[in-house]
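**Q** Have a look at this one.
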Amino acid sequence: MSSEEKRAWIMLVVAIGGYASYLAIILARAGGAPLAEVSYVATMLWTIGGAIVVSIVVNILVGIFSPRNAGTKDARDREISRFGEYTGQAFLVIGGVAALILAMAEIPHFWIANAVYLAFVLSAVLGSVAKVIAYRRGLPTW
(Lines give C-alpha, C1' and ligand atoms only; values in the text may rest on other atoms or scores of the structure.)
Protein backbone atom coordinates (compact mmCIF):
# COMPACT_ATOMS: atom_id res chain seq x y z
CA MET A 1 0.00 0.00 0.00
CA SER A 2 1.45 3.36 -1.01
CA SER A 3 1.83 6.19 1.49
CA GLU A 4 -0.82 8.19 -0.38
CA GLU A 5 -3.33 5.36 -0.08
CA LYS A 6 -2.56 5.15 3.65
CA ARG A 7 -3.23 8.89 3.91
CA ALA A 8 -6.58 8.43 2.18
CA TRP A 9 -7.52 5.72 4.68
CA ILE A 10 -6.43 7.90 7.58
CA MET A 11 -8.50 10.83 6.31
CA LEU A 12 -11.52 8.56 5.85
CA VAL A 13 -11.37 7.09 9.35
CA VAL A 14 -10.56 10.39 11.09
CA ALA A 15 -13.32 12.30 9.27
CA ILE A 16 -15.95 9.72 10.16
CA GLY A 17 -14.68 9.34 13.73
CA GLY A 18 -14.50 13.08 14.36
CA TYR A 19 -17.98 13.75 13.02
CA ALA A 20 -19.44 10.76 14.88
CA SER A 21 -17.90 12.11 18.10
CA TYR A 22 -19.40 15.53 17.44
CA LEU A 23 -22.84 14.07 16.77
CA ALA A 24 -22.72 11.88 19.87
CA ILE A 25 -21.82 14.82 22.11
CA ILE A 26 -24.42 17.16 20.60
CA LEU A 27 -27.21 14.59 20.71
CA ALA A 28 -26.35 13.69 24.31
CA ARG A 29 -26.42 17.36 25.31
CA ALA A 30 -29.77 17.89 23.63
CA GLY A 31 -31.52 15.37 25.82
CA GLY A 32 -35.01 16.22 24.67
CA ALA A 33 -34.49 19.89 23.90
CA PRO A 34 -34.48 21.27 20.36
CA LEU A 35 -31.07 20.83 18.71
CA ALA A 36 -30.87 24.48 17.70
CA GLU A 37 -30.73 25.41 21.40
CA VAL A 38 -27.73 23.19 22.17
CA SER A 39 -24.38 24.89 22.75
CA TYR A 40 -22.42 23.57 19.78
CA VAL A 41 -19.62 26.02 18.93
CA ALA A 42 -16.98 24.81 21.39
CA THR A 43 -17.78 21.17 20.65
CA MET A 44 -17.52 21.76 16.91
CA LEU A 45 -14.21 23.58 17.26
CA TRP A 46 -12.76 20.94 19.57
CA THR A 47 -13.80 18.02 17.35
CA ILE A 48 -12.48 19.72 14.21
CA GLY A 49 -9.22 20.62 15.97
CA GLY A 50 -8.98 17.14 17.46
CA ALA A 51 -9.49 15.52 14.07
CA ILE A 52 -6.75 17.69 12.58
CA VAL A 53 -4.32 16.79 15.38
CA VAL A 54 -5.16 13.08 15.21
CA SER A 55 -4.71 13.10 11.44
CA ILE A 56 -1.31 14.78 11.70
CA VAL A 57 -0.10 12.46 14.47
CA VAL A 58 -1.28 9.30 12.70
CA ASN A 59 0.28 10.43 9.40
CA ILE A 60 3.58 11.06 11.20
CA LEU A 61 3.44 7.66 12.91
CA VAL A 62 2.65 5.90 9.64
CA GLY A 63 5.55 7.75 8.01
CA ILE A 64 7.91 6.69 10.78
CA PHE A 65 6.92 3.03 10.70
CA SER A 66 6.84 2.70 6.91
CA PRO A 67 9.69 4.94 5.77
CA ARG A 68 10.62 3.07 2.59
CA ASN A 69 8.01 4.84 0.48
CA ALA A 70 7.10 7.79 2.69
CA GLY A 71 6.80 11.05 0.81
CA THR A 72 7.28 9.62 -2.66
CA LYS A 73 4.62 10.39 -5.23
CA ASP A 74 4.58 9.14 -8.77
CA ALA A 75 2.34 10.18 -11.66
CA ARG A 76 -0.34 7.66 -10.65
CA ASP A 77 -0.45 9.02 -7.08
CA ARG A 78 -0.84 12.58 -8.38
CA GLU A 79 -3.60 11.56 -10.77
CA ILE A 80 -5.49 9.64 -8.06
CA SER A 81 -5.07 12.54 -5.64
CA ARG A 82 -6.49 14.96 -8.20
CA PHE A 83 -9.38 12.59 -8.96
CA GLY A 84 -10.24 12.24 -5.27
CA GLU A 85 -10.04 15.96 -4.60
CA TYR A 86 -12.24 16.82 -7.57
CA THR A 87 -14.75 14.19 -6.52
CA GLY A 88 -14.89 15.49 -2.95
CA GLN A 89 -15.27 19.11 -4.06
CA ALA A 90 -18.85 18.43 -5.13
CA PHE A 91 -19.98 18.29 -1.50
CA LEU A 92 -18.27 21.58 -0.70
CA VAL A 93 -20.31 23.24 -3.42
CA ILE A 94 -23.50 21.54 -2.24
CA GLY A 95 -22.76 22.56 1.36
CA GLY A 96 -22.06 26.14 0.35
CA VAL A 97 -25.32 26.36 -1.54
CA ALA A 98 -27.20 24.74 1.35
CA ALA A 99 -25.67 27.21 3.83
CA LEU A 100 -26.56 30.10 1.53
CA ILE A 101 -30.17 28.93 1.28
CA LEU A 102 -30.40 28.40 5.04
CA ALA A 103 -28.99 31.88 5.68
CA MET A 104 -31.44 33.46 3.22
CA ALA A 105 -34.29 31.67 4.96
CA GLU A 106 -32.99 33.05 8.27
CA ILE A 107 -32.63 29.59 9.77
CA PRO A 108 -30.80 29.48 13.17
CA HIS A 109 -27.00 29.55 13.06
CA PHE A 110 -26.85 26.02 14.48
CA TRP A 111 -28.24 24.53 11.27
CA ILE A 112 -26.09 26.68 8.98
CA ALA A 113 -22.89 25.77 10.83
CA ASN A 114 -23.84 22.11 10.88
CA ALA A 115 -24.64 22.11 7.17
CA VAL A 116 -21.18 23.50 6.43
CA TYR A 117 -19.49 21.06 8.81
CA LEU A 118 -21.37 18.12 7.28
CA ALA A 119 -20.36 19.30 3.81
CA PHE A 120 -16.69 19.32 4.82
CA VAL A 121 -16.99 15.86 6.32
CA LEU A 122 -18.80 14.44 3.30
CA SER A 123 -16.22 16.04 1.03
CA ALA A 124 -13.40 14.36 2.96
CA VAL A 125 -15.20 11.02 3.06
CA LEU A 126 -16.21 11.01 -0.60
CA GLY A 127 -12.77 12.18 -1.73
CA SER A 128 -11.05 9.52 0.40
CA VAL A 129 -13.39 6.76 -0.79
CA ALA A 130 -12.75 7.80 -4.41
CA LYS A 131 -8.99 7.65 -3.81
CA VAL A 132 -9.13 4.25 -2.12
CA ILE A 133 -11.29 2.83 -4.92
CA ALA A 134 -8.93 4.30 -7.51
CA TYR A 135 -5.95 2.70 -5.78
CA ARG A 136 -7.73 -0.66 -5.58
CA ARG A 137 -9.45 -0.75 -8.99
CA GLY A 138 -7.70 1.91 -11.02
CA LEU A 139 -8.85 5.26 -12.29
CA PRO A 140 -12.07 5.34 -14.27
CA THR A 141 -11.66 5.76 -17.99
CA TRP A 142 -14.04 8.38 -19.24
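**Q** Using a 1.4 angstrom probe on the protein heavy atoms only, line up MET44, MET11, MET1 by accessible area, largest first.
**A** MET1, MET11, MET44
**Q** Sticking with this one: Tell me the mean residue ellipticity at 222 nm calculated for the chain from its helices only (DSSP H runs of n ≥ 4, each -39500 (n - 2.57), averaged over every residue, nearest 500).
**A** Here the helix-only value at 222 nm equals -28500 deg cm²/dmol.
**Q** Which length gain, in nm to one decimal place, applies between GLU79 and ILE48 when the Cα-Cα distance is subtracted from 0.36 nm times their residue separation?
**A** Separation in residues times 0.36 nm, less the Cα-Cα distance, equals 8.4 nm.
**Q** Distance in nm between label sites at ALA36 and ALA24, each 7 Å beyond Cα in the beta-carbon direction?
**A** So the label points at ALA36 and ALA24 sit 2.8 nm apart.
**Q** Say each of ALA103 and TYR86 gets a label point 7 Å from the Cα, pointing the same way as Cα to Cβ; how far apart are those two points in nm?
**A** Distance between label points: 2.9 nm.
**Q** Using the heavy atoms of the protein chains and a 1.4 angstrom probe, tell me the accessible area per residue for region 1-54 in square angstrom.
**A** 57 Å²
**Q** What percentage of the solvent-accessible surface of the chain, computed with a 1.4 Å probe over protein heavy atoms, is contributed by carbon and sulfur atoms?
**A** 71 percent
**Q** Might you report the magnitude of the Cβ-based charge dipole of the chain about its Cα centre, with Lys and Arg at +1 and Asp and Glu at -1, to the nearest 20 debye?
**A** Value, rounded to 20: 500 debye.
**Q** In a GNM of the chain with a 10 Å cut-off on Cα contacts, which of SER66, SER123, SER55 has the highest mean-square fluctuation?
**A** Ranking SER66, SER123, SER55 by mean-square fluctuation puts SER66 first.
**Q** Taking only protein heavy atoms into account and a 1.4 Å probe, give the accessible area per residue of region 89-136 in Å².
**A** Normalised by residue count, the accessible surface of region 89-136 is 54 Å².
**Q** Which of the three applies to region 50-142, rounded, prolate or oblate, going by the alpha-carbon gyration tensor with a ≥ b ≥ c and a/c under 1.5 meaning rounded?
**A** Oblate is the answer for region 50-142, as a/c is 1.5 or above yet b/c matches or exceeds a/b.
**Q** Can you pull the accessible area of VAL62 for me, 1.4 Å probe, Å² to the nearest 10?
**A** 50 Å²
The values are calculated or read from the model by the stated rules, or taken from the named source; none is laboratory data. In this text the structure is predicted, and so the values were computed from the model without any measurement. Positions of Cβ are backbone-derived with ideal geometry, glycine not excepted, and every protein chain shown enters the neighbour counts. To get the accessible areas, we keep the full protein, side chains included, count just its heavy atoms, and leave off ligands, DNA and RNA. Shrake-Rupley method; radii C 1.70, N 1.55, O 1.52, S 1.80 Å.
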